[in-house]
Amino acid sequence: IIGITVSKADHFAQWYQEVVLKAEMIEYYNEIAGFYILRPPAMYVWNVIRKWFQERIEHMGVEETSFPMFLSSKSLEKEKDHVEGFAPELAWVTKAGDKDLEIPVAVRPTSEAVMYPYYAKWIRSHRDLPFRLNQWNSVVRWEAKQTTPFLRAREFLWQEGHTAHVSEETAGKEVLEILELYAGVYEQLLAVPVVRGRKTENEKFAGGYYTTTVEGYIPTNGRGIQGATSHCLGQNFSKMFDITVEDPNQKGQHMHVWQNSWGLSTRVIGVMVMIHGDDKGLVLPPRISKVQAILIPVGLTAKMTAEEKTAHIAKCDELLAEIKKAGVRADIDVREGYTPAWKFNDWELKGVPLRLEFGPKDAAKDVISYARRDTGEKGTVPLAELATAVPALLETVQKAMYDKADKAFREHRLVIQDWSKVVPALDSKNVVLIPHCLDMKCEDRIKDLTKSDEQVEGPDGQKAPSMGMKSLCIPFEQPAEKITEGTKCLSPECERNAQTWVMFGRSY
Ligand SMILES: O=C1CCCN[C@@H]1CCCn1cnc2ccccc2c1=O
């Protein structure tokens, strides 16, 4: 069989690899570990996302730029304190041809150090603010951990926005505007619900002031996954790179600008595959699917004469044209030598949201038959209603996919006020909301206290003890149960008062 050979529930890691390969989204770059080729079905999704996001940040006044992909150790020096944690991931170029480079250069893992020396040069007056640039590029991080397509690669495509502002308030407003766009990419395009929140001190970008995030949930293993981050950098980088303007409130004084940086990567595609895929393969939300509806002529039996067949196919072409005219990205599969059943499997593997079948029986009743990829539900549409019914069906599929994922996330986001319930909740594929003191060491201990010897499959497909839970975010939308003066941090070893509800979970 050409299909997926393992079940999603039993062999999630292998299932995922088979799906992205057999749906022709990915090819492994066998020359070097950790690199992947993005094939047209994947690039189509990325380009829909890119158009949607680009149009909206342009509307906000963000301009596009393109900086060099290499950075010098000198400029890396400026942000050395927080880079040290990332240093092992830096890829270096040390030679050109057979000559050693005087000064090795690093491949950008992110572009703060590349861009900010020029921000210092270009930003002179508060009239230059807000200063906003975004670039679409790829970055390299030489991961030591197990890599996997889309979710953790040594090179990935993303966008990185870098902005400068006159105040904490205007910077903070933009951080949240961008975060809401990230949530929109997930919820409106990928049919994936996300929780919006702020990262704890442990999990935030160490070089920044605070990090906001959209967090996803993978029902198959109950893990949380970071979807995208929008950071306020405060004045940390403007002090490192000396980016100042004269202070509009204090003549003759200079002030360091307030900065943000925000990024969304092709990881979003992996999240979408993991949440929506099934044992037949990919299941694509219609809004990001290159082919939204595939028309397959059926019933072309040997009994039919050549003329009848030709006439039937011509009728199919007419129907296809009408569906396309209604704005649907539709195609027809008239490949010779393949049975309808074979074709059904092939398009299901590729995740096409809607299959349309048209045979002599349908023609006799002036209907077209359909099958939804998400639920398998079958039905018919009167030919007279084709132009309205097919687009409506696709919107129904998009909403149903979102609602199903949203229900799963809501049902597996448990508010817990009794520590003994935490590990059982994690072992039942939940993420948890617990009252927490926000102390960094307390958070570290919680990770140790929640490791369980329950053997589960890791990202590499091997069985491993369940990892402990990490904080995912401090949700902006807090549970109804109030944290009062007397509420203690839930950790059994902590005496502190709880500050807020924090979402914790085993995670990617
Ligand atoms: O997330 C984003 C969004 C886009 C712009 N950059 C920020 C922060 C990146 C944090 N980061 C992440 N990996 C790194 C790896 C090596 C060196 C430095 C870094 C590093 O600074």
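The values are calculated or read from the model by the stated rules, or taken from the named source; none is laboratory data. Please read all numbers here as calculations on a predicted model, not as lab measurements. All Cβ positions, glycine included, derive from the backbone under ideal geometry; neighbour counts span all protein chains shown. Surface accessibility is based on the protein's heavy atoms, side chains included, excluding ligands, DNA and RNA. Shrake-Rupley method; radii C 1.70, N 1.55, O 1.52, S 1.80 Å.
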Checklist entry - Considering only protein heavy atoms, what is the solvent-accessible area of R56 at a probe of 1.4 Å, reported in Å² to the nearest 10? => result 80
Next on the checklist: Order I483, I26 by their accessible area, 1.4 angstrom probe, all chains in place, largest first.
Outcome noted: I483, I26
Next on the checklist: Using a 7 Å offset from the Cα along the Cα-to-Cβ direction at both E177 and T220, what is the distance between the two label points in nm, to one decimal?
Outcome noted: 3.8
Next on the checklist: Please give the Cα centre distance for segment 17-58 versus segment 437-508, rounded to the nearest Å.
Outcome noted: 33
Checklist outcome for this item: Ordering W342, W262 by the accessible surface of their heavy atoms, 1.4 Å probe, largest first, yields W342, W262
Checklist outcome for this item: Between the Cα axis of helix 440-449 and the main Cα principal axis of the chain, the angle (0 to 90°, nearest 10) is 50
Item to check | Accessible area of F35 in the full protein assembly, 1.4 Å probe (Å², nearest 10) | outcome: 30
Checklist entry - Normalised by the number of residues in segment 130-219, what is the relative contact order in percent for Cα pairs under 8 Å and 6+ residues apart? => result 21
Item to check | Förster-model FRET efficiency, 35 Å R0, E77 and I37, C-beta, rounded to 0.05 | outcome: 0.50
Item to check | Reach of K99 by Cα under 28 Å, taken over lysines that are not fewer than 8 positions away in the same chain | outcome: K74, K78, K80
Checklist entry - Considering only DSSP beta bridges with both partners in segment 182-338, what is the antiparallel share in %, to the nearest 5? => result 90
Next on the checklist: Angle check, please: helix 112-122 long axis (alpha carbons) against the longest principal axis of the chain (alpha carbons), in degrees 0 to 90, nearest 10.
Outcome noted: 70
Checklist entry - Taking a probe of 1.4 angstrom, what is the accessible area of C316 in Å², to the nearest 10? => result 0
Checklist outcome for this item: Helix 386-411 sits off the longest principal axis of the Cα atoms of the chain, rounded to the nearest 10 on a 0 to 90 degree scale, by 40
Item to check | Accessible solvent surface per residue of segment 55-208, calculated while the other protein chains remain in place, 1.4 angstrom probe, Å² | outcome: 48
Next on the checklist: Accessible area of segment 1-58 with a 1.4 Å probe: how many percent of it is carbon plus sulfur?
Outcome noted: 53
Checklist entry - Over 20 Å between Cα atoms, which of K95/K121; K421/K488; K309/K365; K407/K429 qualify? => result K95/K121
Checklist outcome for this item: With a Förster distance of 41 angstrom and the Cβ-Cβ distance between T500 and A326, calculated FRET efficiency to the nearest 0.05 equals 0.25
Checklist outcome for this item: per DSSP, antiparallel bridges as share of beta bridges in segment 272-392, % nearest 5, sits at 55
Checklist entry - Which pairs in the list K22/K315; K145/K204; K204/K251 are over 29 Å apart, alpha-carbon to alpha-carbon? => result K22/K315; K204/K251
Next on the checklist: Apply the a/c threshold of 1.5 to the C-alpha gyration tensor of segment 1-100 and tell me whether it is rounded, prolate or oblate.
Outcome noted: oblate
Checklist entry - For the chain, what is the mean residue ellipticity at 222 nm derived from helices alone (per DSSP H run of n ≥ 4: -39500 (n - 2.57); sum divided by total residues; nearest 500 deg cm²/dmol)? => result -10000 deg cm²/dmol
